[in-house]
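Here's the structure we're looking at; comments come further down.
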Amino acid sequence: MRIFDVTEPDVRLPVRSLMEGTTDSDGMFFWFFPFDVPNGTYQFHRLNLCSIALLGLHAPYSGGRRFEINVEFSDRADGHIYSHAVNTFFFIEDRPGYLELQDLFVKGESLAATLTDLFNSDGSQETMSAIASCVAEIHALDIQGLAESAYLSCLQSASSSSSLRRDKLSTLDLIARLLDLPVSLISELNDRHLRLTTMQELSDIEMLGLPDGLSPDELRDLLALEYRKWRGRATHSDRAISAEATARLEMIARVRATLS
């Protein structure tokens, strides 16, 4: 049994299945059920074969769709098809169709690349406005993980440079805030991709990757999280990791001293 979307004239698009055991290698709906037909039974189209869980089907496009069900009866020994039945029914796809999602993902990748190009450009007021517009489009797509992926692309571009200037770090912070990423996630990504040796002329707060404008209490809470994160790494067997952790702990201590 296969299901096709035949909404458009002369176009037959396969329907995806989200149900385990009802897909082919491409994820399209395909159902096979071996059974024995009693001798002398020929009215195969009257057999009640199965019930299809409609929520498990995914149309290529959203909205009202017309589906065609194709059922073939074949000999399991030689594969010869000796009966074929077709029926149609109306289906409403409330989600974006799988072909629409493919287009959205392509657009999302393009927006992430555009954001990275803007991050690497001159940093003018026009560029900042373009960054805000690009981020708004990323939010409008509402694709899970796209905001993080876009920020990570900018971050990796920054880490490939021999030095990270103050203005670039400010732009990174702006992008993170516009993308509405959690502070904990930003800190984790920065730790993973930005080494202390790539940063120049930055304050301790900037070096720690903490956002601007925090109240003293908020800053104390984040410093406590940073301290717990780096404390165990100070005794790491890898000298580079332990050295970086020690430097981070010293910065945390200096910032804490300014709050007391």
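Bear in mind that the values in this text are calculations on the coordinates, not laboratory data. All values reported here derive from a predicted model rather than from experimental measurement.
Okay, here's what the table says:
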| quantity | calculated |
| --- | --- |
| Theoretical gain in end-to-end length, GLU109 to ALA136 [0.36 nm per residue, Cα-Cα removed] | 8.3 nm |
| Linear extension gain, ARG254 paired with LEU54, 0.36 nm per residue minus alpha-carbon span | 65.9 nm |
